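Below is one structure, written out as structure tokens, with a few remarks after it.
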Amino acid sequence: MKNSILSTSVLFSGFDESEINKLLQSLHACEKRFRKGTMIFTAGDISDNLCFVADGSVTIESNDIWGNRTILNLVGKGQFFAESYALLTDVPMLVDVCANEECSIIFLDMRKIYLLDSESKAKLLNNLLMITARKNLHLSGRSFHTAPRQVRGRVMSYLNSVSIQKKSCEFDIPFDRQQLADYLNVERSVLSNELSKMQKDGLIKCRKNHFIITAEK
């Protein structure tokens, strides 16, 4: 198990190496590998596990019975998912979690957190609160990107936020073209056409998932 990766995560902030190893045993940590496209969780599942991406990435998706997919988030190496459901053991998941590529996931049984000593439990819950707060900020950010009616507005909102995070006008995004369309809740063909128009208008340059913001409007 990749303890060294976990030890640098927000969840174990304030714990030393020996404490982390003890916590991993107490939380029954186990690591599993998944092939690209494998569903790790599906809507309706109930899970007690807080999940850590040790390698690769997963997508958090909403897939309805009519076959429509919306990507809500992409969770990469060193990040967590299912943190809210892990503490609400009677609440079924409303989303699917899919392996975006071959990935390795560490599962932590959060039912065991209440068996920890009071100090460790308090520190761990505080760190978990930080993880949840950051995730909520990210999800609220998506609502800004899908708010504009026009596709260009959605694209510009998303690229602007990535540029701010990367502190650069040149960057790679974590999505391929179909995933970006699903994330922004637009048709892929419409997105591709709009990206071409934005390049002709001198706003951006892009190739696959690499973007350069060339002008401000």
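The values are calculated or read from the model by the stated rules, or taken from the named source; none is laboratory data. Quick caveat, the model's predicted, so the values are computed rather than measured. A quick note on method: Cβ atoms are made from the backbone with ideal geometry, for glycine too, and the neighbour counts reach across all protein chains shown. Ligands, DNA and RNA are excluded from the accessible area calculation, which covers all protein heavy atoms including side chains. Shrake-Rupley method; radii C 1.70, N 1.55, O 1.52, S 1.80 Å.
The figures follow:
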{"quantity": "Selection count, the stretch 15-36, where residues are at pLDDT 95 or above and either under 16 Å from the mean Cα position of the chain (by Cα) or among the basic types (K, R) (or both)", "calculated": "4"}
{"quantity": "Qualifying residue in the stretch 161-168 (condition: open to solvent by less than 30 Å² (accessible area, probe 1.4 Å) and touching a helix residue (DSSP H, G or I) at 6+ places or on another chain (Cβ under 7 Å))", "calculated": "yes"}
{"quantity": "Residues (open to solvent by 20 Å² or more (accessible area, probe 1.4 Å), among the acidic types (D, E) and more than 20 Å from L24 (Cβ to Cβ)) located in the stretch 93-123", "calculated": "E101, E102"}
{"quantity": "The stretch 42-65: number of residues that are within 28 Å of T8 (Cβ to Cβ) and either within 14 Å of the chain's Cα centre (by Cα) or of a type in the set (D, E) (or both)", "calculated": "13"}
{"quantity": "Neighbours by Cβ (under 9 Å, 6+ apart or cross-chain): first from the stretch 67-96, within 21 Å of D182 (Cβ to Cβ) and in contact (Cβ under 8 Å) with a residue 12 or more places away in the chain; second among the hydroxyl-bearing types (S, T, Y) and part of a loop (DSSP other than H, G, I, E, B)", "calculated": "Q79/S9; A82/S47; M93/T42; M93/S47; V95/T42; D96/T42"}
{"quantity": "Subset of the stretch 9-42 [closer than 20 Å to M110 by Cβ and in a loop (DSSP other than H, G, I, E, B)]", "calculated": "S9, S13, G14, F15, L27, H28, A29, T42"}
{"quantity": "The stretch 1-13 residues that are at pLDDT below 65, paired with ones that are in a loop (DSSP other than H, G, I, E, B) (beta carbon under 8 Å, 6 or more apart)", "calculated": "M1/A29"}
{"quantity": "Single match in K123, K166, K112 (criterion: over 21 Å from I40 (Cα atoms) and free of Cβ contacts under 8 Å to residues at least 60 places away in the same chain)", "calculated": "K166"}
{"quantity": "Filtered residues of the stretch 138-155 (kept if farther than 20 Å from K197 by Cβ, free of Cβ contacts under 8 Å to residues at least 40 places away in the same chain, assigned to a helix (DSSP H, G or I) and not aromatic (F, W, Y))", "calculated": "S140, G141, S143"}
{"quantity": "Residues of the stretch 41-92 satisfying the condition of being open to solvent by 20 Å² or more (accessible area, probe 1.4 Å) and of a type in the set (D, E)", "calculated": "D45, D48, D55, D64, D90"}
{"quantity": "The stretch 185-216: number of residues that are touching a strand residue (DSSP E or B) at 6+ places or on another chain (Cβ under 9 Å) and either open to solvent by less than 20 Å² (accessible area, probe 1.4 Å) or aliphatic (A, V, I, L, M) (or both)", "calculated": "8"}
{"quantity": "Test: residue in the stretch 139-148 that is open to solvent by less than 30 Å² (accessible area, probe 1.4 Å) and modelled with pLDDT under 90", "calculated": "yes"}
{"quantity": "Test for V162: is it more than 18 Å from G76 (Cβ to Cβ) and part of a helix (DSSP H, G or I)", "calculated": "no"}
{"quantity": "Every residue from the stretch 15-38 that is open to solvent by 60 Å² or more (accessible area, probe 1.4 Å) and touching a residue at least 60 places away in the same chain (Cβ under 8 Å)", "calculated": "E19, H28, E31, K32, R33, R35, K36"}
{"quantity": "Complete set of residues in the stretch 178-207 that are touching a residue at least 24 places away in the same chain (Cβ under 8 Å) and of a type outside the set (A, V, I, L, M, F, W, C)", "calculated": "Q179, D182, Y183, N185, E194, K197"}
